[in-house]
Amino acid sequence: MSDVRTVTEADFEDWHRALNTGFLRPPVFTPEQIEARRRQFVPGRLLGAFDDGRCVATFRSFAQELTAVGGAPVAADAISNVTVSPTHRRRGLLSRMMGQDLAAAKERGDVVATLIAAEYPIYGRYGFGPATWTTQWTVEVTRAGLDPRWSGPADGGRIDLVDGEDVRKLGPELYERFRRAQPGAVSRDELWWQVHTGAVRFHDTWTEPFYAVYRAAGGEVEGLVTYRSDETWNGKQPEQTADVQKLVATTPAAERALWHYLCSIDWITKVKTGYRGPDDLLPHLLPDPRAARVTEQADWLWVRILDVVRALEARTYEGAGSLVLEVVDGAGLAGGRFRLEAGAGGASCTPAGGASPDLTLDVGELASVWLGGESLLRLAALGRVREQREGAARKADALFRSPGRPWCPDIF
C-alpha cells in the first residue's frame with residue numbers, strides 16, 4: 001500500500017517529477033524551474049503518495065482569501081497540483097490526501113476550501129460544489145460596429161502601455177480594490193505577480209505579453225489588461241488575434257476603455273477575451289453585441305464549506321428572512337442543522353437543534369448557492385435540494401440571490 005505523507009525538501013524534485021507526469025508534461029525539469037517551484041514550498045502543505053520510494057501522487061494547498069457576497073474576505077484552503085500517476089489510479093490515493101488536507105484546514109479554522117476542477121466528476125464526492133462559472137467570447141472586430149477612428153477614451157482618461165516591472169508595482173493595489181468588490185475573487189500574493197510577469201518562471205517557455213493600464217482623468221489606475229497577439233496574415237491582409245490573459249477594472253469606464261483599446265489595435269481582427277464572468281459587460285459594450293460569440297462556458301471555481309456558521313454569517317443577503325437548513329456532509333466536517341436569520345443589518349447562523357428543517361441539501365449544493373451563482377429553486381427542480389416546507393425553496397432562493405454573478409478571474 002502506498003504511503004501518503006507530507007513532502008519534505010528532500011522529496012521535492014521527485015514530487016515535481018510526479019506532478020509533471022500526472023499532467024502529461026515531460027517528466028523532466030531544469031534546476032532553474034525547480035528553484036522557482038520551491039518558492040511554493042510550504043512545510044506541511046504539500047502531500048504525496050510514495051510507492052517503493054517513488055512519488056506517484058501529488059497534492060498542494062496554500063492559504064488564500066475568497067471574497068464573499070458583500071465583500072467580506074473569508075479564509076480559504078486553496079487546493080492545487082492534484083495528480084495521481086496512471087499506474088496508481090483507483091487506489092484511493094486522492095481520497096486519502098484530500099481527507100488529510102481538509103481535516104487540517106478544518107483544524108486551522110479555514111471557512112472554506114477552493115479549487116479549479118480539471119474534470120467535473122471528481123470533486124463533488126468530497127463535498128465541493130461549482131460556485132462560479134466562466135464564459136469566453138471571441139470578438140469579430142470588423143463586425144463590432146466600433147468607431148475605427150477611435151484614438152483613446154473621451155472621458156479624460158488615457159491608456160498607457162507599461163512593462164512587467166510597472167505591473168508588479170501598480171497591479172497589486174488595483175487588484176485589491178477590484179477583489180474587495182467582486183464575490184468569488186481570490187487573493188494574489190507577491191509570487192503570483194512575479195510568475196504572471198515573467199520574473200519567476202515555472203516553465204521553459206515565456207512569451208512576453210503586452211500590458212496596458214487605464215488611468216482616469218485624475219491619474220488613478222482603474223484598469224489593467226495583459227494580452228498577446230499571434231502573427232496570422234492572409235496573403236497581404238493581417239488577420240491577427242489579441243489573446244487576453246487578464247483584464248480587471250474597478251470602474252465601468254475603465255472596462256469600456258480597455259475593450260475598445262483592444263478592438264482598435266491595427267492588424268487585430270479578433271479579440272479572444274479569456275475567462276470572464278458570465279454576466280460580463282463586454283458584449284453590450286459593442287454597438288453590435290452579436291460580434292462577441294460565446295466560445296466556451298463552464299464551471300470554474302469550486303468551493304467546499306468547512307464551517308457553515310461562519311460562511312453564512314460572512315455574506316450579506318438581499319432581503320430579510322429565517323430558514324432552518326439541514327446540511328448533509330458525508331465526511332462529517334460541516335454537517336448539521338442550522339438556523340439562518342438574515343436581514344439588512346447582517347446575518348446570524350446558529351445550531352438549530354431539534355427544529356424542523358425547511359430545506360435539506362448536501363454541503364456541495366450549499367457551496368454552489370453560497371456565492372449567489374446558483375439558484376436554490378433550480379437545484380430543487382433538479383432534485384438536488386429537498387424542500388421540507390412548502391415554499392421554502394422560493395424563499396431561500398430570494399434570500400441567497402446576489403446583485404451580480406460571482407466571478408473568479410484566476411486559475412491556481
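The values are calculated or read from the model by the stated rules, or taken from the named source; none is laboratory data. From a predicted model like this one, the values you see are computed outputs, not experimental measurements. Glycine also receives a Cβ, built like all others from the backbone with ideal geometry; neighbour counts cover every protein chain displayed. Remember, those area values only see protein heavy atoms, side chains included, never the ligands or the DNA or RNA. Shrake-Rupley method; radii C 1.70, N 1.55, O 1.52, S 1.80 Å.
The set of residues in the stretch 1-15 that are more than 15 Å from GLN40 (Cα to Cα), in a loop (DSSP other than H, G, I, E, B) and either open to solvent by less than 40 Å² (accessible area, probe 1.4 Å) or out of contact with any strand residue (DSSP E or B) (no Cβ under 9 Å at 6 or more places or on another chain) (or both) contains only SER2.
No other residue among GLY71, GLY22 is surrounded by fewer than 16 Cβ atoms within 10 Å (Cβ to Cβ), of a type outside the set (Asp, Glu) and touching a residue at least 60 places away in the same chain (Cβ under 8 Å) apart from GLY71. On the given criteria, is GLU318 within 25 Å of the chain's Cα centre (by Cα) and buried (at least 20 other Cβ atoms within 10 Å of the Cβ)? It is false that GLU318 is within 25 Å of the chain's Cα centre (by Cα) and buried (at least 20 other Cβ atoms within 10 Å of the Cβ).
Considering (1) open to solvent by 20 Å² or more (accessible area, probe 1.4 Å); (2) in contact with a Phe, Trp or Tyr (Cβ under 8 Å, 6 or more places away or on another chain), say which one LEU115 fails and leave the rest. Of everything listed in (1) open to solvent by 20 Å² or more (accessible area, probe 1.4 Å); (2) in contact with a Phe, Trp or Tyr (Cβ under 8 Å, 6 or more places away or on another chain), LEU115 misses just condition (1).
Kindly evaluate GLU173 against the criterion of being part of a helix (DSSP H, G or I) and either open to solvent by 40 Å² or more (accessible area, probe 1.4 Å) or touching a Lys or Arg at 6+ places or on another chain (Cβ under 7 Å) (or both). Spell out how you get there, then give the answer.
Details: part of a helix (DSSP H, G or I): yes; either open to solvent by 40 Å² or more (accessible area, probe 1.4 Å) or touching a Lys or Arg at 6+ places or on another chain (Cβ under 7 Å) (or both): yes.
Against the criterion (part of a helix (DSSP H, G or I) and either open to solvent by 40 Å² or more (accessible area, probe 1.4 Å) or touching a Lys or Arg at 6+ places or on another chain (Cβ under 7 Å) (or both)), GLU173 qualifies.
For beta carbons closer than 7 Å, sequence separation of 6+ or different chains, a first residue in the stretch 209-226 that is without any contact (Cβ under 8 Å) to a residue 12 or more places away in the chain and a second that is of a type in the set (Ser, Thr, Tyr) and surrounded by 20 or more Cβ atoms within 10 Å (Cβ to Cβ), there are no qualifying pairs. Is there a residue being of a type in the set (S, T, N, Q), under 28 Å from the mean Cα position of the chain (by Cα) and within 24 Å of ARG201 (Cβ to Cβ) anywhere in the stretch 5-19? The answer is no, given that none of the residues of the stretch 5-19 is of a type in the set (S, T, N, Q), under 28 Å from the mean Cα position of the chain (by Cα) and within 24 Å of ARG201 (Cβ to Cβ).
Show me the strands (runs of 3 or more DSSP E) entirely contained within the stretch 189-283 in which 3 or more residues are open to solvent by less than 30 Å² (accessible area, probe 1.4 Å).
Numbers: elements: 210-215, 221-229, 240-249, 268-272.
Counting at least 3 such residues, we get 210-215, 221-229, 240-249.
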